[in-house]
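The values are calculated or read from the model by the stated rules, or taken from the named source; none is laboratory data. A quick note: this is a predicted structure, and the numbers were derived from the prediction, not measured. Quick reminder, even Gly has a Cβ in these numbers, built from the backbone with ideal geometry, and neighbours come from all protein chains shown. Each accessible area value is taken on the protein alone, full model and side chains, heavy atoms only, with ligands, DNA and RNA left out. Shrake-Rupley method; radii C 1.70, N 1.55, O 1.52, S 1.80 Å.
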Amino acid sequence: MRAIRAFLYLFVTSSFILTGCGGGGGGGPSSATISQSNVVDLAVAATEGMKSSASASESPISFYKTGSHPTISTNKLISDLAQHNYATIDLSPFCTTGSFLINDQTGATTIADCVIDDGYSSFTLNGTISFFPAGSGYSFTANLSFSQNGNTESITGSGTCDAQFNCSMTASFTGIDGRTYTTTSMSVTGDNTSGYTVSGTITDPDHGNITLATNTPVTFNCADGRPDAGQITVTGGSSATVVFNDCTSFSITFDGSTTAYNWADF
């Protein structure tokens, strides 16, 4: 998960969080109604949406956390692009190996085998991001993939950010169960040391929209990027509580009963 965090950082600098990762708009998906038959699907959807957003919040240019990245000034980056101060803006030093380049003339970013290591785990980021000044802020599109321990996940999305780096983003990604989800109005605070607190709306492709809230900050210390601790609430008509027990299992409490599940089954 830590690995995943960095990869989406370029996808998230406003609060990763922005408002938008998801599948909204008129005529969009209806609200899901949690039941015994779909509660596991929706718990997995919420977990995957949280993981995706937390990952994105740690990339070199995060659109999910409010304000500039502590190392890279997004404000200066956009200003440089607007004024064409450089032929290329090179963020490759943020990669252990590989490259992370922004073309100053087109606003296109190319990421090639960029290995990001936070001291706990590492992952490889590839893909493209295009962004450009828009009014007092900027807009962007992205098509990214990250690989960790033999697993590869991808995220595509687009959004806008104002001068205060309040962003609205819509993104889609494929979860561990092979289904494609979207996230909207995601808000992320914290990090993998203190735990992530995430909220927002996630669209399950089969059941509709659910909302996510964090009861206890979630950490992602498992080798495969899954959560190892923390607790969230998933709401769709009624609510279910998901507790991340360890790298092997999680538990869902719904309709008065609690059931444990193994990650290996997904």
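Okay, here's what the table says:
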item: Count of the stretch 227-245 residues which are on the phi > 0 side of the Ramachandran plot and either open to solvent by 50 Å² or more (accessible area, probe 1.4 Å) or among the basic types (Lys, Arg) (or both); result: 1
item: Exclusive hit being within 26 Å of PHE123 (Cα to Cα), in a strand (DSSP E or B) and among the small types (Gly, Ala, Ser), set SER239, SER172; result: SER172
item: Matching residues in the stretch 188-212 - criterion: being open to solvent by 10 Å² or more (accessible area, probe 1.4 Å) and part of a loop (DSSP other than H, G, I, E, B); result: THR193, SER194, PRO205, ASP206, HIS207
item: Any hit, the stretch 216-226, residues being open to solvent by less than 10 Å² (accessible area, probe 1.4 Å), part of a strand (DSSP E or B) and in contact with a helix residue (DSSP H, G or I) (Cβ under 7 Å, 6 or more places away or on another chain); result: yes
item: Output for the stretch 113-128, where each listed residue is open to solvent by less than 40 Å² (accessible area, probe 1.4 Å) and either modelled with pLDDT under 80 or more than 19 Å from the chain's Cα centre (by Cα) (or both); result: ILE116, SER121, PHE123
item: Condition check for THR141: modelled with pLDDT of 75 or more, farther than 19 Å from THR203 by Cα and polar (S, T, N, Q); result: yes
item: Close pairs from the stretch 101-112: first open to solvent by less than 40 Å² (accessible area, probe 1.4 Å) and at pLDDT below 70, partner aromatic (Phe, Trp, Tyr) and part of a strand (DSSP E or B), Cβ under 6 Å, at least 6 apart; result: GLY107/PHE131; GLY107/PHE132
